[in-house]
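Here, each number is a calculation from the coordinates, and none is a lab measurement. Because the structure is a prediction, the values reported are computed rather than measured. Using ideal geometry, Cβ is built from the backbone for each residue, glycine included, and neighbour counts are taken over all protein chains shown.
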């Protein structure tokens, strides 16, 4: 049976910020959107990258690896991998000699889909943020 676990103080995360916390050994992205806290599994629904290393814009988090975007309020996939940005980035890396010459990785079928990310219930008690996984 899941229970609420204290993960942070409200003052530790300003509006527009996010961080990674652990709840029962589960990596959780904790985001403050305009003073309201939201929690998601800290894994991208595309290639399992760490979302908390990405970018938070409003109520959307962008994966740092392939630029998929998720609604931090619900975990819903907004946009899957951004292949044009990925290809430009890959070409830039290839140009400076840091990427293998093999293009097969970019053509893998797994690169063409993503799924929603689980979201978790958040509660505030006093100045403490609690998450239920």
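Per-residue extension of 0.36 nm, minus the Cα-Cα distance of residue 26 and residue 6, leaves a gain of 5.9 nm for this segment.
For the listed peptides 50-56, 127-133, 39-45, a ranking on the average number of other beta carbons within 10 Å per residue, highest first, reads 39-45, 50-56, 127-133. Take the Cα of residue 127, step 7 Å toward its Cβ, do the same at residue 113, and the gap between the two points is 4.7 nm.
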